[in-house]
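Peer 1: First, the structure itself, so that you have it in front of you.
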Amino acid sequence: MPSSYRLPLPSLSEYSIILHTSKLGFYPVGLSDSEFIYELRKSQGDYLNRSTDYSLVHQNEHILRILANSNGQNYWTIRLPNGEKVGCVRVYGATGNKVSWGSWIILQGTAFTVALRSAIIVYQYILRCGFSSAYFSVSDGNLSVQRFHLAMGAKEVGRRNTETDYEIGAELIEAFLRKHRRFLQEEFTEVRL
């Protein structure tokens with residue numbers, strides 16, 4: 001496949017996608033996930049919840065806006081094989097050969113391997129869709145996520161208010177996948193609903 005060719009990101013308005021491995025599953029976010037995501041965000045501290053009026057009602061409205069205007073993005077809950085929800089993540093903002101990912105939150109107390117495996121699945125998905133790099137923003141107070149991305153080789157490309165923007169290219173993504181293949185020795189299976 002030529003490097004300039006890119007498959008479009010699936011749109012939730014056309015169909016929903018489940019990404020599944022034997023260790024983790026990514027399931028499309030629905031309104032029924034609102035309370036879980038609300039509690040997940042609340043547990044993560046001020047760098048995710050700067051608004052003093054953040055509430056379950058606001059979370060419901062946010063999910064409804066995403067579902068109503070989901071062109072080119074996927075928003076998933078991350079689940080263990082037993083169905084337990086342990087996080088969420090979103091892939092969105094395709095521009096040229098780049099795509100963004102974020103809203104990546106893992107439930108506190110969950111094994112680090114869940115975070116690592118979820119990042120592996122995200123990067124497998126990004127490359128499978130034909131993107132050559134990923135970009136994302138991290139709140140300045142979110143030091144563990146900043147360290148994770150910097151350890152992968154992400155480069156700081158800008159700053160906005162209280163966030164730092166990063167980008168990582170396909171070569172570093174592929175190196176990350178090779179280095180950590182023992183944590184997820186399989187590619188995900190994609191199921192369109």
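Peer 1: Of the residues Tyr166, Tyr123, only one is in contact with an Asp or Glu (Cβ under 9 Å, 6 or more places away or on another chain), part of a helix (DSSP H, G or I) and surrounded by 15 or more Cβ atoms within 10 Å (Cβ to Cβ); which? Explain how you work it out, then say what you get.
Peer 2: Working: Tyr166 fails: part of a helix (DSSP H, G or I).
Answer to the selection: Tyr123.
Peer 1: Right, here's the next one. Does the stretch 141-174 hold any residues that are over 23 Å from Asn97 (Cβ atoms) and polar (S, T, N, Q), and which are they?
Peer 2: If the condition is that a residue be over 23 Å from Asn97 (Cβ atoms) and polar (S, T, N, Q), then Asn142, Ser144, Gln146, Asn161, Thr162 are the ones that fit.
Peer 1: If Ser139 satisfies all but one of (1) closer than 20 Å to Arg90 by Cα; (2) surrounded by fewer than 15 Cβ atoms within 10 Å (Cβ to Cβ); (3) in contact with a strand residue (DSSP E or B) (Cβ under 8 Å, 6 or more places away or on another chain); (4) of a type in the set (S, T, N, Q), what's the number of the condition it fails?
Peer 2: Here Ser139 meets the rest and fails (2).
Peer 1: Sticking with this structure for a sec: If I filter the stretch 84-120 down to residues being more than 20 Å from Ser43 (Cβ to Cβ) and touching a Gly at 6+ places or on another chain (Cβ under 8 Å), which single residue comes out as surrounded by the most Cβ atoms within 10 Å (Cβ to Cβ)?
Peer 2: Ranking the qualifying residues of the stretch 84-120, first place goes to Val99.
Peer 1: Residues to consider are Leu172, Leu177; find the one that is within 16 Å of the chain's Cα centre (by Cα), more than 25 Å from Gln108 (Cβ to Cβ) and surrounded by 15 or more Cβ atoms within 10 Å (Cβ to Cβ).
Peer 2: Working: Leu172 fails: within 16 Å of the chain's Cα centre (by Cα).
It is Leu177.
Peer 1: Phe176 passes all but one of (1) closer than 21 Å to Ala94 by Cβ; (2) part of a helix (DSSP H, G or I); (3) touching a residue at least 60 places away in the same chain (Cβ under 8 Å); which number fails?
Peer 2: (3)
Peer 1: Output the residues belonging to the stretch 52-83 that are in contact with an Asp or Glu (Cβ under 7 Å, 6 or more places away or on another chain) and surrounded by fewer than 17 Cβ atoms within 10 Å (Cβ to Cβ).
Peer 2: Leu56
For (1) touching a strand residue (DSSP E or B) at 6+ places or on another chain (Cβ under 6 Å); (2) of a type in the set (Phe, Trp, Tyr), each residue gets a yes or a no:
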position	(1), (2)
Ser34	no, no
Gln59	no, no
Trp76	yes, yes
Tyr123	no, yes
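Peer 1: Do any residues in the stretch 126-153 that are under 11 Å from Ile168 (Cβ atoms) and of a type in the set (S, T, N, Q) have Cβ atoms under 6 Å from those of residues that are modelled with pLDDT of 90 or more and surrounded by 15 or more Cβ atoms within 10 Å (Cβ to Cβ), where the two are at least six apart or on different chains, and which pairs are they?
Peer 2: Taking only residues 6 or more apart or on different chains, the pairs are Ser132/Ala170; Ser133/Lys98; Ser133/Glu167; Ser133/Gly169.
Peer 1: Scan the stretch 126-159 for residues that are part of a loop (DSSP other than H, G, I, E, B) and aromatic (Phe, Trp, Tyr) and jot them down.
Peer 2: First, the residues of the stretch 126-159 that are part of a loop (DSSP other than H, G, I, E, B): 129-132, 140-142, 153-154.
Matches in the stretch 126-159: Phe131 only.
Results for (1) within 20 Å of Ala115 (Cβ to Cβ); (2) in a strand (DSSP E or B); (3) aromatic (Phe, Trp, Tyr); (4) modelled with pLDDT of 90 or more, shown as yes or no for each residue.
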site: Gln44; (1), (2), (3), (4): yes, no, no, no
site: Asp53; (1), (2), (3), (4): no, no, no, no
site: His58; (1), (2), (3), (4): no, no, no, no
site: Ile66; (1), (2), (3), (4): no, no, no, no
site: Tyr75; (1), (2), (3), (4): yes, yes, yes, yes
site: Ile78; (1), (2), (3), (4): yes, yes, no, yes
site: Arg90; (1), (2), (3), (4): yes, yes, no, yes
site: Gly93; (1), (2), (3), (4): no, yes, no, no
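The values are calculated or read from the model by the stated rules, or taken from the named source; none is laboratory data. Predicted model only: the values in this text are computed from it and were never measured. In this analysis, Cβ positions are derived from the backbone assuming ideal geometry, glycine residues included, and neighbour counts consider all displayed protein chains.
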